[in-house]
Amino acid sequence: MSGSLSYFGAGRHVSNLEVVSRAAGVGGLGLLAVIVALNNVIARAPAGATYIAKRLLPPGSDAVMGSDALGRDIMSETVHALAVSFSSAAVSTAIAIFIGALAGFAAVRLPLRMGAAVRVISGILRMIPTLFLAVVLVALSSREFFAISVGLAICPEVFNAGFDRASSLARSRHAMYARASGIPGLTLLRRDLVYELRMNIVNVTGRALASSATILATISFFGFGAIPPHRDLGLLIAEAQTSYLSNWWCALFPALALVVLVLCARLAATDDSGQPS
Amino acid sequence: MWRIWLLAAAQFLGSLVGAILLVSLLPVIAHPPDGLWPFVTELAERFLKIGSGDFGRSAAGSPAMTSAWAAFPLTVQLLGLGVALALLMGISLGFLLSAPRAIRAAAPLLQIVTSVPVFLVGLALIWVATPSFHVITSADEPDLALSIMVRHGDWNSAWSAYFLPALTIGVAGAAHLQMSLRRAAAAAWMAPYRSGLRMMGLGLLDINLRFALPEIIAALLRDARGFILTLISATAIAEWIFHRNGAAVLFLNATASHDWAMATATLLLFAVFTLIVGFVGDLLASFIVPEDTL
C-alpha cells in the first residue's frame, strides 16, 4: 500500500500509516454521515422528548446510554445532537473552503497587488483567536446563523494557508516556465487549482471540519451556539455540566461523540508524519 | 540585521493600527448609522477615540479599559502558569516523538489525545479532582492572588483557582507545542545541508547541536503568535469552566450582553498581547537564525 505521489515534480512518499489513517478518517466520517442521515430512525425518541425513561437512569437495559434529569434518553439525544453538530460543521466547512481556501488561492493572481493587501487584512484578523472572532460574529448577527459565523471566523486562517500555498506555487519552476512560454495567468491558476483540489482537498476539508466542529461545540458550550430544542453536542455537554460529577453518563456519551467526530476529521487530514498537516 | 528589525517594527506598528481599526469597527457595525458617509465618519471618530485610549463606558458605568485592565492580571497569571506547563509537557513530548520511529508508533494515540476539545479537558480535570483530591470549584470563591493562597497554605483553593485552570491551558499549549516542534524537527532532519556536512566529516551530534537545534528553536519562536492564540482561547475556556473572573470571561460576558465598549477594550488587550508576543518571537528568531524575511 506504500507508494509515491508526484506533485509538481516533487515526489512525496505516502506511508502505510497515512493510507490507513486517511481511510479510517474518511470511513468514519462516512459512517457518521449515515448516522446523521438516519438520526430519526436510529434514535428511539424524538429530539428533546422528556420522561421517555425514568429520571437519571444509569446505562443499562432500559436505556443503553442512560437518561438525564428530565428523563430524556441520552442515546437519542446524542444522535440528534450529533446530527445538528455534523450538519452545522459541514456548513461552516463549506463556507471556509469556498470563501477562505479558494479565495486565498485566487487572490495571489489579483492585479495591482490587491491579493497582498487582502492577505494583510486577513493577517490582522489572525491576531484575534478564532474562537473570539466566532463569538463576536455570532453576537453581531444572530445565534440562528452560528454555523455561518463560525465558518466566516475560520476563513482568515484558511485564506492565509491557501494564499501562502498559492504564492509558493506562483514562484515555483513550473510557473516560471509557463509564464516564459506565454501561458496566460488564468490558465495557470486553473491548472494549479485542479492539482490542488485533486491532491489536497481531503486534507483541507478534514482540517476545516475538525476546527469547525471544535469551535461550534465550544461556543455552544458557552451559550452562543445552538438554540434548544435543536441542541448540538456542545449544548448537551453544557446542560450536563451541573450534574455530571454524580451522573457521568449525561456528559460522557455526547463528549465521546464529539471526540469521534473531530478525530475522524483529523485522521482524514493526516499527512505522512501521522499528524494533521 | 537592522533591515530585518526595522521591517519587523514597521509590521508591528501597521498591525497595531490595523487592530485598533478592527476593534473600532465592532460598535459601528453593531449599531450602523444610515448611509456610507455617516458610517465612515463614525468609524473615524471611534478610531481616534480608541487610539487616544478612550474606549467609552461599560454597561456597568465604569470606564471600559479600566475594568478590562483590572481583570487582565488574573488572565496573565493563568496564561503564565499555562505557558510553564505547556513548555514542560510540550517540549519533552515533542523531542521524544521527533524521532521517525516514535512518530509512527505514537501517531494514532496522539491523534486521539489532540482531538479532545479543551473544554472537555477542563471538565475531565474537575471530574478527576473533585472526588480524588476533594477540590471544589464554585463561582463563590474569592479572586485571591496565588501568592496569598500559597502563603496561607490554602492549597485546596489554589488547586481549584489556579492549578487546574493552568493545567487545562497547559495541555492545550502542549498539544500545539509538540506539533510545532515535530514539524520543525521534521524540517530540520530533512534539510539538504545535513548530507553535505556529514560528507565533510561532521558528527551527527555536532550537526544537530550547531545547525538543527538553532533552526528548531527559531521555528518555535516564529510560531509564538500561533502558540499564544491557542493559549488565549484555552484561557477563555478555563476561566469559564473554573469560574475565574479574568479578562477572557469579561470579554465573553460583554459580547453576550452586547456591551461593545467592554468587548472592544478586552479584545484590543488580547490583540496587542498577541502582537507583542509575535514581535518578540520574530526578533528572537532573527537573532538565532538570521533570515532575509521575517
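The values are calculated or read from the model by the stated rules, or taken from the named source; none is laboratory data. The structure presented is a predicted model; accordingly, all values stated were derived computationally and were not measured. Methodologically, a virtual Cβ is constructed for each residue, glycine included, from the backbone with ideal geometry; neighbour enumeration extends over all protein chains shown. Each accessible area value is taken on the protein alone, full model and side chains, heavy atoms only, with ligands, DNA and RNA left out. Shrake-Rupley method; radii C 1.70, N 1.55, O 1.52, S 1.80 Å.
From the list B:59, B:19, exactly one residue is within 14 Å of chain A (Cβ to nearest Cβ), assigned to a loop (DSSP other than H, G, I, E, B) and either closer than 18 Å to residue B:260 by Cα or of a type in the set (Gly, Ala, Ser) (or both). Which is it?
Values: B:19 fails: assigned to a loop (DSSP other than H, G, I, E, B).
Going through B:59, B:19 in turn, just one is within 14 Å of chain A (Cβ to nearest Cβ), assigned to a loop (DSSP other than H, G, I, E, B) and either closer than 18 Å to residue B:260 by Cα or of a type in the set (Gly, Ala, Ser) (or both): B:59.
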Given the criteria closer than 28 Å to residue B:271 by Cα and either touching a residue at least 40 places away in the same chain (Cβ under 8 Å) or more than 14 Å from chain B (Cβ to nearest Cβ) (or both), does residue A:64 qualify? no
Does the stretch A:93-109 contain at least one residue that is away from chain B (no Cβ under 14 Å), touching a strand residue (DSSP E or B) at 6+ places or on another chain (Cβ under 9 Å), in a loop (DSSP other than H, G, I, E, B) and surrounded by 17 or more Cβ atoms within 10 Å (Cβ to Cβ)? no
Would you tally the residues in the stretch B:163-173 being under 30 Å from residue B:208 (Cα atoms) and open to solvent by less than 10 Å² (accessible area, probe 1.4 Å)? 2
Does residue B:78 satisfy the criteria of being more than 21 Å from residue B:265 (Cα to Cα) and among the aliphatic types (A, V, I, L, M)? no
Checklist (1) in a helix (DSSP H, G or I); (2) more than 14 Å from chain B (Cβ to nearest Cβ) applied to residue A:228, failing item: (1)
From B:119, B:95, B:39, residue being at pLDDT 95 or above and either surrounded by fewer than 21 Cβ atoms within 10 Å (Cβ to Cβ) or within 14 Å of chain A (Cβ to nearest Cβ) (or both): B:119
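What helices (runs of 4 or more DSSP H) completely inside the stretch B:153-241 contain at least 3 residues that are in contact (Cβ under 8 Å) with a residue 60 or more places away in the chain?
So the answer is B:164-189, B:213-222, B:224-241.
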Among the candidates A:209, A:261, A:216, which residue alone is farther than 13 Å from residue B:115 by Cβ, more than 8 Å from every other protein chain (Cβ to nearest Cβ) and either touching a Lys or Arg at 6+ places or on another chain (Cβ under 8 Å) or in a helix (DSSP H, G or I) (or both)? A:216
Which of (1) within 13 Å of chain A (Cβ to nearest Cβ); (2) open to solvent by 20 Å² or more (accessible area, probe 1.4 Å) does residue B:209 not meet, given it meets every other one? (1)
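Residues are listed down the side, and each one gets a yes or a no for (1) touching a helix residue (DSSP H, G or I) at 6+ places or on another chain (Cβ under 6 Å); (2) within 12 Å of chain A (Cβ to nearest Cβ); (3) not aliphatic (A, V, I, L, M):
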| residue | (1), (2), (3) |
| --- | --- |
| B:199 | no, no, no |
| B:205 | no, no, no |
| B:213 | no, no, no |
| B:256 | no, yes, no |
| B:260 | yes, yes, yes |
| B:267 | yes, yes, no |
| B:276 | no, yes, no |
| B:282 | yes, no, yes |
| B:287 | no, no, yes |
Residues of the stretch B:42-56 being in a helix (DSSP H, G or I) and loosely packed, with under 13 Cβ neighbours inside 10 Å, which ones? B:45, B:48
